[in-house]
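Peer 1: Input: one structure, supplied below.
The values are calculated or read from the model by the stated rules, or taken from the named source; none is laboratory data. These figures come from a predicted structure and were not determined experimentally. Methodologically, a virtual Cβ is constructed for each residue, glycine included, from the backbone with ideal geometry; neighbour enumeration extends over all protein chains shown.
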Amino acid sequence: MFTDANSATPSSSTQSSSTAIVFEDHQLDVAIHKAQDKLLSLQDKRGYWVFDLEADCTIPAEYIMMMHYLDDIDEVLQAKIANFLRARQSADGSYPLFTHGQGDISCSVKVYYALKMSGDSIDASHMVNLRRYILAQGGAAKANVFTRIALAIFQQLPWRGVPFIPPEIMLFPKWFPFHLDKVSYWSRTVMVPLFILCTFKATAKNPNNVSILELFVTHPDEEQHYFPERTVLNKFFLGLDKLGRIVEPFIPAKIHQKAIDKARDWIIERLNGEDGLGCIFPAMVNAYESLMLFGFPKDHEYVATARKAIDKLLVIKEHEAFCQPCVSPVWDTGLTALALQEVDKVGNAESLNKAYDWLKSVQLSDEPGDWRISKPDLAGGGWAFQYANPHYPDVDDTAVVGFAMADSNLSGLDESIHRATHWIEGMQSKNGGYGAFDVDNTYYYLNEIPFADHGALLDPPTADVSARCAMLMARVIKDGHESYRPALQRTINYLRSEQEKDGSWFGRWGTNYVYGTWSVLLGLEQTDLAKTDSMYVNAVKYLKSVQREDGGWGEDNYSFHDTSYSGKYHFSTAFQTAWAVLGLMAAGEGHSPEVKAGIDFILRSQQADGVWDDPCFTAPGFPRVFYLKYHGYDKFFPLWALARYRNELKL
C-alpha cells in the first residue's frame, strides 16, 4: 500500500488510505458478484445471452400497419402495442427517434396512423397534440421516403410521391453508376422487395378504411414538393427519376418480366427461414408482402415462414408489446463473455464453455454470401449478428467473438479463432479500415439518389469496427501469428487518420464519440503501440474533458446531428461511464482520479438486483435517422468496467 516517504512505519494517513482501499475492494467485490450472478442467471440453456433490442416507435407502428395491410388483425396484440406507443409520446405531442430527442415527423406520422387504426379518436388529447406537431412540420407530405411508400400503399398519397425504383435495377450491369452490389446489405434487403411493392403498386386491404388526410397541409393529389432539391448531384438524380417514369411504359414486357423474376429469385434465395430476409424487420415485412404479390398463397411455406420470422421479433408483456428491429444473440454473447472473463476466467469457465460451444455451432463457413461478390476466393469464418444470417456475416461481431475466444484461455477454440481472423484480414478495405459487412462500400454519390433521403445507403469503413479488427489481429499476433501484422499496421494507420482534432473517434455503431474512443483505445491496447503515442495522449485528454461533475459520462444521440454535443448529455449513464473508464484504463490511466470517480458513479447507480437501468438509447442503427436501445448494455458493460478496475488495483 502507500507509505510515508519520511518514516519507516506507516503514517496515520497511510493507515486511513489502506483502510479505504480495503473497504473499496470489499465494495467492488460485492458489486461485481451481484452483477455477475445476475448476468449468469440470464444465460440461455443453449449457452447464449440475448437481450431485448428496442428501436423507436416506427417499427411497432409498422407492425400494426402490416396487420391492417393484410386484414389480419390481432386485437389483443394491437391494443398492447398501442399502449406501448402512447406511453412514449413527448410533451410536445411528437415522437422522437431516441430518448429526450427532438420530434421526428416520419415516426410521428406512422404512430398517428397506427393509433388511429387501433381505434384512438382523433379528438383524444394525445392525437390532437400529435396532429398539431405534424402539421407544424409541414404535414405528412414532408415525411421520409419509407413513410411515403407506406402511405402510397394505403392510398393516402399518389405513387408519384415515392421514388421511381423499377425492378429493372436488377438487370443493371456492374459498371452502371447504380448497382445493388454498390449499396449496403441492409439497403439491398430492403430495396429488392420494395421494387416489387412499388412496381405492383401494392394496395393495403385497410379493412376499416382508416384515412389520415387530416395530416396533410396540401391535399396529397396537389402536393408538388415530395422531392426537395438538395445538391447539384441530387438534382441530376431527380432528373433521372423523372426520365425513368417517362421511359417505363416503353420497356419491353419480356425485359420487365425478366427483372421481376430476378427480384423474386433474389428474395427467395435469401429468405433465411424463420430468421427472415436479412434478419431485419423492414426487409422481412417487405419480403413477406412481396411474396403474396408474386402469387404465393398465405399458406405457402415461403409466406408462412416469413410471417413466423416477423412474429419472433415481438416482445409481449402483460400490458405492452413492441416489435424488435432484429435480435442480437451473437453480439450480446461475445460482449457478455468478455465481461465475465474480466471478472474470473477460471471461475466462469463452465458458463463460458457453454457460450463458446454455441458460438462455434453458428460460426459460418463457405455458405453463399453477398460479401463473396468482392471476395470470391476468401474462405468463410465470420459470425452473423443474429441467430442465423448466412448471407450477411458481421465483421464487428466476428472481431468481438474471435477476440473473446482468444482472450479466454480456454481449449478447443483455436480453429474458430484463426478462421475468424483470416476472414477479418481478407475483409479489409483499401484504406486499411473495415466496414460492418462489405469491402470498399464507398460509393458516396449514391446517397444523393431520391430513395436515399435517409443518407444511410452505404457501409463504409468506420473507426469502431476497424478498432475491433485491430484488437483481434493484434491479440492473435501475440500468439505468434505474424502474418497478420501488415494488415494490422494498415488498420492502425487508418485509425490514426480518423482521429478527430479533439482526440476522439466517431462511433458509427454506438453513441458516439465516447463509444468510438473506447472502441479504438481497447483495440490499440492489444498492439505494441506505446502509451505515449499521440493517439493515446489525445484520446485521454478528450475523455477527461467530457467527464461530468457526478464522475460519470453521458452522450446524447444528438451528437450525430451536431458535433458540439460530443460527449455531452443531460445526465450520466452507467454504460457510457463504463466505456469511458475502460478506455482510460486501456490507455494506462487505471489509477487516475477520473477513473476512480467513474467507478464510484457506477457503484452508486447499481440496482438492488445487481444490474443497472439506463433509460436512454445506446446506439444508432443509422446515424440521424434510426436509433437503438440495447437492453444488455447496462448489464454487462458496467460489470466489465468494475472488474477491470478491481484488477487494475491489484497490479
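Peer 1: May I ask you to say which residue of Gly567, Gly516, Gly523, Gly551 is in a loop (DSSP other than H, G, I, E, B) and within 25 Å of the chain's Cα centre (by Cα)?
Peer 2: Gly567
Peer 1: Looking at region 240-274, which of the residues that are loosely packed, with under 14 Cβ neighbours inside 10 Å and of a type in the set (Asp, Glu) is modelled with the lowest pLDDT?
Peer 2: Selected residue: Glu248.
Peer 1: Tell me the residue from Glu223, Glu214 that is modelled with pLDDT of 95 or more, acidic (Asp, Glu) and surrounded by 14 or more Cβ atoms within 10 Å (Cβ to Cβ), please.
Peer 2: Details: Glu223 fails: modelled with pLDDT of 95 or more.
Selected residue: Glu214, the only one of Glu223, Glu214 that is modelled with pLDDT of 95 or more, acidic (Asp, Glu) and surrounded by 14 or more Cβ atoms within 10 Å (Cβ to Cβ).
Peer 1: Another question, if that's okay. The conditions are (1) under 26 Å from the mean Cα position of the chain (by Cα); (2) without any contact (Cβ under 8 Å) to a residue 60 or more places away in the chain, and Gly119 fails exactly one of them. Which is it?
Peer 2: (1)
Peer 1: Filter region 294-313 down to residues that are in contact with a Leu (Cβ under 7 Å, 6 or more places away or on another chain) and not β-branched (Val, Ile, Thr) and give me whichever is surrounded by the fewest Cβ atoms within 10 Å (Cβ to Cβ).
Peer 2: Looking at the filtered set, the residue picked out is Tyr302.
Peer 1: Before we move on, is Phe195 at pLDDT below 80, of a type outside the set (Asp, Glu) and surrounded by 12 or more Cβ atoms within 10 Å (Cβ to Cβ)? Walk me through how you get there before you give the answer.
Peer 2: On the way: at pLDDT below 80: no; of a type outside the set (Asp, Glu): yes; surrounded by 12 or more Cβ atoms within 10 Å (Cβ to Cβ): yes.
No; evaluated as a whole, the condition is false for this residue.
Peer 1: While we're here: Working carefully through the options Asp357, Asp397, Asp332, find the one that is of a type outside the set (Phe, Trp, Tyr), surrounded by fewer than 21 Cβ atoms within 10 Å (Cβ to Cβ) and either assigned by TED's automatic domain parsing to the domain that holds Ala487 or more than 30 Å from Gln257 (Cβ to Cβ) (or both).
Peer 2: On the way: Asp397 fails: surrounded by fewer than 21 Cβ atoms within 10 Å (Cβ to Cβ); Asp332 fails: surrounded by fewer than 21 Cβ atoms within 10 Å (Cβ to Cβ).
It is Asp357.
Quick grid of which residues meet (1) out of contact with any strand residue (DSSP E or B) (no Cβ under 8 Å at 6 or more places or on another chain); (2) surrounded by fewer than 24 Cβ atoms within 10 Å (Cβ to Cβ); (3) at pLDDT 95 or above:
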position: Val514; (1), (2), (3): no, no, yes
position: Ser519; (1), (2), (3): yes, no, yes
position: Lys544; (1), (2), (3): yes, yes, yes
position: Trp553; (1), (2), (3): no, no, yes
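Peer 1: Then there is this: Quick check on region 593-615: of everything there that is assigned to a loop (DSSP other than H, G, I, E, B) and free of Cβ contacts under 8 Å to residues at least 12 places away in the same chain, which residue is surrounded by the most Cβ atoms within 10 Å (Cβ to Cβ)?
Peer 2: The initial filter retains those residues of region 593-615 that are assigned to a loop (DSSP other than H, G, I, E, B), namely 606-615.
If we keep only those that are free of Cβ contacts under 8 Å to residues at least 12 places away in the same chain too, we end up with 607-608.
Working: Gln607: 13, Ala608: 6.
The qualifying residue surrounded by the most Cβ atoms within 10 Å (Cβ to Cβ) is Gln607.
Peer 1: Let me ask something additional. Check off (1) assigned by TED's automatic domain parsing to the domain that holds Pro390; (2) among the hydrophobic types (A, V, I, L, M, F, W, C); (3) surrounded by 24 or more Cβ atoms within 10 Å (Cβ to Cβ) for Val343 and give me the number that stays unchecked.
Peer 2: Result: Val343 passes all but (3).
Peer 1: Report yes if Thr203 is in a helix (DSSP H, G or I), among the hydroxyl-bearing types (Ser, Thr, Tyr) and modelled with pLDDT of 95 or more, otherwise no. Even if it seems obvious, please write down each step before you answer.
Peer 2: On the way: in a helix (DSSP H, G or I): no; among the hydroxyl-bearing types (Ser, Thr, Tyr): yes; modelled with pLDDT of 95 or more: yes.
Answer is no for this residue.
Peer 1: Going by the structure shown, is Arg270 touching a residue at least 60 places away in the same chain (Cβ under 8 Å) and of a type in the set (Lys, Arg)? Working first, answer last.
Peer 2: On the way: touching a residue at least 60 places away in the same chain (Cβ under 8 Å): yes; of a type in the set (Lys, Arg): yes.
So Arg270 passes the test.
Peer 1: Continuing with the same structure: May I ask you to list the residues in region 293-352 that are aromatic (Phe, Trp, Tyr), outside any loop (DSSP other than H, G, I, E, B) and under 22 Å from Asn272 (Cα atoms)? Walk me through how you get there before you give the answer.
Peer 2: If we filter region 293-352 for residues that are aromatic (Phe, Trp, Tyr), which is where we start, we get 294, 296, 302, 322, 331.
Those left that are additionally outside any loop (DSSP other than H, G, I, E, B): 302, 322, 331.
If the condition is that a residue be aromatic (Phe, Trp, Tyr), outside any loop (DSSP other than H, G, I, E, B) and under 22 Å from Asn272 (Cα atoms), then Tyr302, Trp331 are the ones that fit.
Peer 1: Among the residues of region 34-52, are any modelled with pLDDT of 95 or more, within 30 Å of Ile149 (Cα to Cα) and not hydrophobic (A, V, I, L, M, F, W, C)?
Peer 2: Start the filter on region 34-52 by keeping residues that are modelled with pLDDT of 95 or more, which leaves 34-52.
Next, from what is left, pick out any that are within 30 Å of Ile149 (Cα to Cα): 52.
Right, trim to not hydrophobic (A, V, I, L, M, F, W, C) and you get 52.
Looking for residues that are modelled with pLDDT of 95 or more, within 30 Å of Ile149 (Cα to Cα) and not hydrophobic (A, V, I, L, M, F, W, C), one finds at least one in region 34-52, hence yes.
Peer 1: Sticking with this structure for a sec: Given the conditions (1) touching a residue at least 60 places away in the same chain (Cβ under 8 Å); (2) within 23 Å of Asn206 (Cα to Cα), and given that Phe98 satisfies all but one, which numbered condition is not satisfied?
Peer 2: The single condition Phe98 does not satisfy is (2).
Peer 1: Lys531: basic (Lys, Arg), part of a helix (DSSP H, G or I) and surrounded by fewer than 16 Cβ atoms within 10 Å (Cβ to Cβ), yes or no? I'd like the intermediate steps shown before the answer.
Peer 2: Numbers: basic (Lys, Arg): yes; part of a helix (DSSP H, G or I): no; surrounded by fewer than 16 Cβ atoms within 10 Å (Cβ to Cβ): yes.
No: the conditions fail for Lys531.
Peer 1: Among the listed residues Leu628, Leu639, identify the single one that is closer than 30 Å to Asp29 by Cβ and either at pLDDT below 95 or crowded, with 23+ Cβ neighbours inside 10 Å (or both). Show your work before the answer.
Peer 2: Details: Leu628 fails: closer than 30 Å to Asp29 by Cβ.
After ruling out the rest, the residue left standing is Leu639.
Peer 1: Now a separate question. For region 64-81, how many residues meet the condition of being more than 21 Å from Glu289 (Cα to Cα) and over 29 Å from the mean Cα position of the chain (by Cα)?
Peer 2: The number of residues fulfilling the criteria is 1.
Peer 1: I'm trying to understand the selection: among the residues of region 162-202, which are within 29 Å of the chain's Cα centre (by Cα) and within 18 Å of Lys242 (Cβ to Cβ)?
Peer 2: Val162, Pro163, Phe164, Ile165, Pro166, Ile169, Pro177, Phe178, Cys198
Peer 1: Among Leu291, Leu352, which is under 30 Å from Asp37 (Cα atoms), buried (at least 22 other Cβ atoms within 10 Å of the Cβ) and more than 23 Å from the chain's Cα centre (by Cα)?
Peer 2: Answer to the selection: Leu352.
Peer 1: Oh, and also: Can you spot a residue in region 497-507 that is assigned to a loop (DSSP other than H, G, I, E, B), touching a residue at least 60 places away in the same chain (Cβ under 8 Å) and surrounded by fewer than 16 Cβ atoms within 10 Å (Cβ to Cβ)?
Peer 2: No, the conditions are met nowhere in region 497-507.
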